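In what follows, a structure is listed as structure tokens, so that the remarks can point back to it.
Here, each number is a calculation from the coordinates, and none is a lab measurement. Note that the structure is predicted; figures quoted are calculated from it, not measured. Quick reminder, even Gly has a Cβ in these numbers, built from the backbone with ideal geometry, and neighbours come from all protein chains shown.
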Amino acid sequence: MTVLRTPIKHCRNCGASVVYRVPDDGDTHERAVCPACDTIHYENPLNVVGTVPYLGDRVLLCKRNIEPRWGKWTLPAGFMELDESTGEGAARETREESGAQFELEGLFSVLSVPRVGQVHLFYRARLLSDVFDPGFETIEARLFTQQEIPWEEIAFRTVKETLERYFEDRARGEFSVHTFDVT
């Protein structure tokens, strides 16, 4: 399945109308190329960064107050901003969406989602408190044991896959970094 995207229409350098073609530099993909200044415009996946916040045997989930998937449960996550590392972005999103106090730990999962042009990265985050002050994007932030998680109400497949692997690793007593494609 090809990702539907709005095509680039104008060059970011000079403003001329671009054309879509395979560049003459040996590239193999069609790109937006400026015929006036020869700038090649690359379109790359977006990074979604977040955390698996945990306290003991429970994880923190946020009930979405925004579309897509309003009212569904998710891990705190969102689009990475320019001028921040993946860890900084994951921490920012966790603070914004849950208002949690936490200590960021290691990278836990990397999920490629080619059909929507995204890569999702989740870090583990040890909660320092069970007091939350969620931002406007979150209806409710709450801790769940594995058995309490509303699995049918999870907003995104990447979140479900990450949670399943988190609980598997927790039961094993050893955490790994998980990489996989969501097709």
**Request:** Could you give the size of the charge dipole of the chain about its Cα centre, using +1 on the Cβ of each K and R and -1 on the Cβ of each D and E, expressed in debye and rounded to the nearest 20?
**Result:** 400
**Item:** Whole-number Å³ per residue for the convex hull built on Cα positions in the chain
**Value:** 143
**Asked** Straight-line reach from residue 160: which lysines have a Cα under 20 Å away, not including same-chain ones fewer than 8 places off?
**Response** 63, 72
**Fill in**
Residue-normalised 222 nm signal for the chain, counting each DSSP H run of n ≥ 4 as -39,500 (n - 2.57), nearest 500 deg cm²/dmol, is -5000 deg cm²/dmol
**Fill in**
The distance between the Cα centres of the range 10-42 and the range 100-128, in whole Å, is 34
